[in-house]
Structure formats: structure tokens, C-alpha cells
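**Q** This is the structure I have questions about; it appears just below.
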């Protein structure tokens, strides 16, 4: 099988799965530590059309994978080293609620239907060093470091070419797992709105994560009410690079000198995900966006 990672340049949201926090306007606490907790929902957009029946299908069985809904969370802790330098460690996750797609292609060259359930989840771990230049009107933080990522992508397909069980059909179960690490760079900042207890904050970051994708696929052919497992050529593991772009924008509420509540939106794009299909393989990206709430406290 052929895997073909493709870079799709799209703005992505906080896969930190979200983790890294946005710079806040309050001073660090007595020990210089900062703790950030974040959570929210994400709405996904898939970019690949799938052959729902694999080799047993027909042109009428091609359809877009439906969009999906995910939930995500993250926690980060950091410490100021001096006036301009700090370090941070962050852990995050995003979990897609399994989505189902149903295709009815009756009335075409052949009648029948197909259905598929897909799921995607990933976890991240970040270690970074930040630099904060002296700027009077805003807090700006430039950072760089290392991101580790693990994801699992699955798709279970079942389709019949003759209307239902008893006809010609095919069931496939596909699973793709990735693990890797690579550099991550970005900028984040915040700005108070006058003398009020409100402000604006944002983040933009990009990661290039090198690692290995390992796929498994099994297939069962149905014909005349009988089923038979089908041999599937071995899917060799593939080494390659996953690209992750994150963006965030929020409104800050300064609860006190050491605590900030941020309500905003995040977006994220992960590209280079290998996807097996009947044509021999392709690559897709996962773009998601949604609301987020974050609490940052210094102590």
C-alpha cells in the first residue's frame, strides 16, 4: 500500500491539544510559577472523499466523510527563570466523538448502501523555553521547544452492492496509529484594555513532528449470504512528518493580580495523516475549531 503524506497549509488551532497557555498581564507569583488549565469543544472538518465500499463499491458510493465534534483539555505549568526567560511543560488531549456516514446509491449502475464510522484522537506533550521582550503596551512571549504527539485514526466500513445482506458486500476495519516528536515554535501575547479588568490575548504556533505511522486493515467479503475473510497486502509502517498549526484568540478577565480567566476560540490543523483507501492510499488533514475556556493562576 502506498502512503502519501501531504502538507495542507491551513490555520490550526491549539492542538496543545491544546496545552500551552496564553501570556497574562499579571505578574508571576512569589515563586514565579504559573498553572494553566483549559478545556473546550471542537468542530471538525474532514477533507477527504472516501470509497465507502472499497473494491466492492461503485462510483455512486463515493461521499464526503461527515464533519465531527470533539472535546479537548490541557494543563500546563511553568516557571519564570528571570525577567525575560521562562520554561513550561504542557499536556493536552483531543477526543473525537465517533461520527457515522451513510450513503444510499440506489438507482445508480447498481443499487445498495454503505455506512462508515470514523474516529480520531490525539495527545500532546510539550516542553518549551520562552523569551519575553520588554514591551510597554503588551506582554509578548516568543517560545520554542519540543512537542511529542500520539494519535489514533480509525474507520470501519460496511457496504452492500445489492441492497443488503445476501448480496455482494464488503466490510473493512482500518486503524492507523502515529507516535513522534519534533520542534515547535510560536508567539503568544496579551494586552490589557485600559484600566479595566479586561484584555485580549492570542497565540500562533507551528510544529513539525517526525515519527512513524503504523496501519492495520482487515476485510471480509459477503456474497450470497456467505462471508469470507480476504487477504490484505501488508501495510508497512511509514516514517514521515506531521505538521500541526495552532491559533487562538480570547478575551481575558483579570479576576485578581494572580488569576486570569480567558474565554475565546481555538483552531487547529494537523496534516500528513496517511489514509488507506481502495485506490491505494492518500493523505488527509484534520481541521478543527471551537470555543475554549482557560484559567491561569500564578503563585
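**Q** How much length would be gained if the chain were fully extended between residue 187 and residue 146, taking 0.36 nm per residue of separation minus their Cα-Cα distance, in nm to one decimal? Can you show the working numbers first?
**A** On the way: separation 41, 0.36 × 41 = 14.76 nm, distance 1.46 nm.
Answer, rounded to one decimal: 13.3 nm.
**Q** Between residue 100 and residue 196, how many nm apart are label points set 7 Å from Cα along the C-beta direction?
**A** Here the modelled spin labels are 4.7 nm apart.
**Q** Follow-up. Using only the alpha carbons of the range 110-185, what is the convex hull's orientation-averaged projected area in square nanometres? Walk me through the numbers before you get to the answer.
**A** Values: hull surface 34.0 nm².
Hull-based average projected area comes out at 8.5 nm².
**Q** Label-point separation (nm) for residue 71 and residue 179, each offset 7 Å from Cα along Cα-to-Cβ?
**A** In this crude label model, residue 71 to residue 179 measures out at 2.7 nm.
**Q** Among 204, 255, what is the fewest-to-most ranking by other Cβ atoms within 10 Å?
**A** Details: 204 17, 255 14.
Ascending number of Cβ neighbours within 10 Å: 255, 204.
**Q** Mind ordering 240-248, 84-92 by average Cβ neighbours within 10 Å, highest first?
**A** On the way: 240-248: 22.7, 84-92: 18.3.
The packing order, highest mean first, is 240-248, 84-92.
**Q** Among 227, 297, what is the fewest-to-most ranking by other Cβ atoms within 10 Å? If you can, show how the numbers build up before the last one.
**A** On the way: 227 13, 297 18.
The most exposed by this proxy come first: 227, 297.
Values in this text are rule-based calculations from the coordinates and carry no lab data. In this text the structure is predicted, and so the values were computed from the model without any measurement. Using ideal geometry, Cβ is built from the backbone for each residue, glycine included, and neighbour counts are taken over all protein chains shown.
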